[in-house]
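See below for the structure under consideration.
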Amino acid sequence: MNLAAKDFHAIRSAIAEIPADVSNDAVGAYVPKLADIYAPETHAAALDPSTPIVVGSRGAGKSFWSGVLGQELTRQAAAKAYPRLGLEKTFVEFGFTGVGGPEGIGVDALNGYVPHNADIEVARTFWWATILRAVEHALNGVKPKLSKLMDVARDWETREETLFEHEKMLRKSDRKLLIVFDALDTMATSWSRRRMLTEALLEVVWGMRAYRGIKPKLFLRPDQIDDDGLRFVELPKLRTGAVRLNWTRRDLYGLLFSRVARSTEPSASQAFRKILKSEGIPTGTADAILTRRWPLLLDEELQARLMERLAGAYMADGPYGYKKGKTYDWPVVHLADAFDEVTPRSFLGLMISAAKFGPAPDDRAVTPDGIRHGLRAASKTRVDQLHQEFPWIKGVLAPLSGLLLPQDEKEVFRAWRVAHTVQELLTDAGINNYLPPFPTEAKSNERDLFQALERIGVMFRRRDERVDMPDLFRVAAKLLKKGGTAPV
């Protein structure tokens, strides 16, 4: 079946109109909506109430899933998407959300109850108090002030008696209580305090193993759980049981196609149904998308065939166009960080920008040039977002602008040394009160800086020992690579 130019234009518009800012909070005005839910099979373990630690980079979906679990309507949808987890019989409360308000516990509350000169015992008491408050609210409908729970939290006998009484109520009603801790990267601006608070919380999580009906769930950044400075003796067991929020290529295209299929623009949904029919692919209903019964979500061969119709087969025309790579493979390869992970935020950002690039062609929805432009836009967005999490990142990438990669480490270190990068970022971190990249500031040097970038997937070392940077960051940082996509 031949599609008319207007059909490709309509699908292109549907991709371009996918909301570019897909970030969510666990509570408040930016919680995820029912229509936003796309539930990859690989995320079932992360949502399992018996999984206490979920690890994910920025944009991987930590706050999204926290917000889904925290709302009755979206939690019931997740229960339908993952029917074996028992989410329909689970209460959900928040132990920490980074922001306050009626539903959350924010940094102000944490700093108020655990002053900066407090020791780990005070921090443990605070975290136990958040657990006690969650069970009181879930089972008795009251949300006592944390100040009224600190004494109970401090007294282990009273605390255990209280929790066990609630545990009995949950067992009797055949329900579980899940207590979610999100935005934990926001709780401190110094390494020593972050480690102390993290260790205290992990000890509480470990102590909660005694309860079958009350389950904590922590959404953590990889560098926070992998911090070598953490000294909790049971940490290796918690790390082993942690689940990582990963997105496969199949999941990413499934997310994209499900967003187009759900377009509220009649001409777009009609055109998309037409192209699906021409490829022998059934239409995806909302229910089939949620429960992953739509073949297009599961079959990479179908996805690649559809992408070929929407963007052409290869990243260049002509008899040697195949040498530039397939349009289906290229975005995921170039959006991966040093851990080979791609976030849905970056992937959708590339596709949205590709659909807005240049004049609309009549025989496809996006062009290879548009996809390359999308990488530049996604790279800039990713670095901007990373800057929110690591406020020092732009300052350490700027001195490397114009450098050709891969490169000997001495040239990279020299660029930083000439710009006094290490000293300047330490000064800036002190002035602006944010967490610097070095746990030990006194011995910091350019090698420590490189290792800090390695830990968050921004740089890596090749087998021949030269250092390199994934395109996802390289393009926005204006570093060069022979044959690679040029920066703007």
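The values are calculated or read from the model by the stated rules, or taken from the named source; none is laboratory data. Remember, it's a predicted structure, so these values are computed and weren't measured experimentally. Positions of Cβ are generated from backbone atoms using ideal geometry, with glycine treated the same way; all protein chains shown enter the neighbour counts. Protein only, heavy atoms only, side chains kept; ligands, DNA and RNA dropped before computing areas. Shrake-Rupley method; radii C 1.70, N 1.55, O 1.52, S 1.80 Å.
Some points to look at:
- Within region 94-119, residues that are without any contact (Cβ under 8 Å) to a residue 12 or more places away in the chain sit with their Cβ atoms under 8 Å from residues that are of a type in the set (Asp, Glu) and open to solvent by 70 Å² or more (accessible area, probe 1.4 Å), at 6+ positions apart or across chains, in these pairs: GLY100/ASP108.
- Count - residues of region 451-488 that are small (Gly, Ala, Ser) and surrounded by fewer than 17 Cβ atoms within 10 Å (Cβ to Cβ): 3
- Residue check: GLY56 meets all listed conditions (1) in contact with a strand residue (DSSP E or B) (Cβ under 7 Å, 6 or more places away or on another chain); (2) modelled with pLDDT of 95 or more; (3) not polar (S, T, N, Q) but one, namely (2).
- Hits in region 98-111 (condition: open to solvent by 50 Å² or more (accessible area, probe 1.4 Å) and farther than 15 Å from THR189 by Cα): VAL99, GLY101, PRO102, GLU103
Condition check ((1) more than 17 Å from PRO470 (Cα to Cα); (2) in a helix (DSSP H, G or I); (3) more than 20 Å from the chain's Cα centre (by Cα)) across all residues:
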| residue | (1), (2), (3) |
| --- | --- |
| TYR322 | yes, yes, yes |
| VAL332 | no, yes, no |
| ASP337 | no, no, no |
| ARG345 | no, yes, no |
| LEU348 | yes, yes, no |
| PRO361 | yes, no, yes |
| ASP369 | yes, yes, yes |
| HIS373 | no, yes, yes |
| GLY395 | yes, yes, yes |
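- Those helices (runs of 4 or more DSSP H) of region 174-287 in which at least 1 residues are buried (at least 17 other Cβ atoms within 10 Å of the Cβ) and among the aromatic types (Phe, Trp, Tyr), considering only elements entirely within it, cover 191-207, 249-261, 266-278.
- Given (1) part of a helix (DSSP H, G or I); (2) open to solvent by less than 60 Å² (accessible area, probe 1.4 Å); (3) over 30 Å from ARG194 (Cα atoms), number of the condition VAL412 does not satisfy: (3)
- Tally of residues being within 19 Å of GLY95 (Cβ to Cβ) and open to solvent by 10 Å² or more (accessible area, probe 1.4 Å) across region 147-163: 11
- For the residues PHE272, PHE232, the requirement of being over 24 Å from LEU69 (Cβ atoms), of a type in the set (A, V, I, L, M, F, W, C) and at pLDDT below 95 singles out PHE232.
- Residues of region 415-458 that turn out to be part of a helix (DSSP H, G or I), within 27 Å of the chain's Cα centre (by Cα) and touching a residue at least 24 places away in the same chain (Cβ under 8 Å), as a count: 10
- ALA355 being over 20 Å from the mean Cα position of the chain (by Cα), in contact (Cβ under 8 Å) with a residue 24 or more places away in the chain and not in a loop (DSSP other than H, G, I, E, B): yes
- Among residues of region 6-47, those that are open to solvent by less than 30 Å² (accessible area, probe 1.4 Å) and either part of a helix (DSSP H, G or I) or at pLDDT 90 or above (or both), counted: 17
- LEU296 farther than 21 Å from SER258 by Cβ and not in a loop (DSSP other than H, G, I, E, B): no
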